1. Counting other beta carbons within 10 Å of each Cβ, put HIS352, HIS304, HIS468 in order, fewest first.
2. Between ASP442 and ALA396, how many nm apart are label points set 7 Å from Cα along the C-beta direction?
3. Can you find, among LEU32, ALA239, VAL484, the residue farthest towards the positive end of the dipole of the chain? Put +1 on the C-beta of Lys and Arg, -1 on that of Asp and Glu.
4. Sorted from largest down, give the three principal axis spans of the alpha carbons of the chain, whole angstrom values.
5. Answer with one residue from GLN277, LEU429, VAL160: the one whose Cα lies farthest towards the positive end of the charge dipole of the chain, charges on Cβ with Lys, Arg +1 and Asp, Glu -1.
6. Stick to the Cα atoms of the range 388-520, pair each with every other, and give me the Kirkwood hydrodynamic radius in Å at one decimal.
7. Under a point spin-label approximation (7 Å from Cα along Cα-to-Cβ), what is the SER216-SER189 distance to one decimal in nm?
8. Would you compute, from DSSP H runs of 4+ residues alone, the mean residue ellipticity of the chain at 222 nm, taking -39500 (n - 2.57) per run and dividing by the full residue count, rounded to the nearest 500?
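Every number here is computed from the coordinates shown, using simple stated rules; none is lab data. Keep in mind that this is a model prediction, so the values were computed, not measured. Don't worry about glycine lacking a Cβ; one is built from the backbone with ideal geometry, like all the others, and counts go over all protein chains shown.
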Amino acid sequence: MALYRAFATVGAMTIWSRVLGFVRDVLIAAVLGAGPIADAFFVAFRVPNLFRRLFAEGAFDAAFIPLFAKRFHGEGGEEGARAFAEQALAGLTLALVAFTLLGEFVMPWLMLLLAPGFAADPQKFDLAVLLARIALPFLLCMSLVALYSGVLNALGRFAVAAFAPSLLNVVLILVLLILIALGDVDQKSAAVALAWGIAASGVLQVIVVAVAAAKSKMRLSFRPPRLDADMRRLLALAAPGFIAGGMNQITVVLNTVIASLQDRVVSWFYYADRLFQLPLGVIGVAVGVVLLPELSRRLRSGDHQAAMDSENRSLETALLLTLPAAVALFVAANPIVRVLFERGAFSAIDAHSTAAMLAALAPGLPAFVLIKVFHPGFFAREDTKTPMIFAGIGMAANVMLALLLFVVLGAVGIAIATTIAGWLQAALLAGTLKERGEFALDRTCKRRLPAILAASLIMGAVVWALVHGLGPWFEPVNGTLVQVVALMLLVGSGLAVYAGTAAALGAFDARSLLARLGLR
């Protein structure tokens, strides 16, 4: 089944990128630690990432892919689709060049909004502004990457678009290895070098996806932007999609604002979020990327039953992989963080605080993956307004809860607020699709979901026992090799228990799954 093979392709490329991302973060933790320079770097890194997802991934994917697919499979064919993509490329480039130039000028004021707590430390504030200015062109490059990736995904060419983000990690790892080899580079200079690496990686990614699109007979030429009927429709869909698709990033920024009020919390939240983003990226992003063009094609052909089946299989696959990941991150947060990060400038206190935030984020993992599953059901029907409204409700709930819980519980309250807000948004999306008759659990999904939950809980109990049994092995005094072996034993045992239990309970059919992946 093409849907499962596409999930596997995007998931495999995303795993590769995330593994490289962990290598990158381990090196960053060793070089920058969790002090003021690390805080400044992480906030600066979030500036282009925030606007990339607002301008490009969130709004653009939601609006562009259904309209591009409509033209490619119907109105105008290949030439009509190419002309539409070229107009979108021209408009997006013009808007982002202007925004990037404006951002360079207003960065000090923007930094006051993003991290007001930095104002108390002029050196940290000035460094954050400098790093953000260096990295900001990454936004323009990533917006172009998003357009070319949208073209490739709509054509069913998922591999290159999924591979491109890993180039950021490749470049930063090379920069970090050079810095470590030099040995005497101070942390401020290291942060500046990393910021330049971010900008350079953006250019490299544009080249890769543009070449791939050209090989797929979609070489796009720049043309003067024109506000015709197609572009007005794209803007009409992108305006609410701009908010809906990037609302999670806005929430992250608001959490950063709150976290910046206490020293080191920004760094703790960053490292915890990176671990949280691994399964979310591999599973949620893969499902979202593949499901949107799939639903657009099914609905365009009028096959609503097939569209419903695609949604059920996507939900089933997402929870099959996400629920055990959430349980494992909750139960084993402490050893995972200690083994990956507790070395160099990253202290035991940093590890303990980061693990607490990761454990609080973990229960929200299925919710954020479900959001990725439900969004295409709206976007494929050219409804970007409803997700925008629900994203706004989720953001408001997150901010209010984060402020309250930060005062009551400290840093971990920010993570708890994020989890609650995620479940609220997922429930609103699911309830609306069901009320409209656009989604309902089929018999197979109803049978398998309880089995997935039961297998996840059994696996969690085994992992909990192993965490306590292997506790001494995770101590830094044992050395990195012993720690890594213990973590691999923990992860491997959890995977084996879950796979066996899930198969025994009927959570999935191994033979059928292998056949759909093209492995049988």
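1. So the residues, fewest neighbours to most, are HIS468, HIS304, HIS352.
2. 3.7 nm
3. In the chain, that residue is ALA239.
4. 65, 59, 43
5. The listed residue farthest towards the positive side: VAL160.
6. Roughly 18.7 Å, rounded to one decimal.
7. Placing both labels 7 Å along Cα→Cβ, they lie 4.3 nm apart.
8. The helix contribution divided over the chain gives -28000 deg cm²/dmol.
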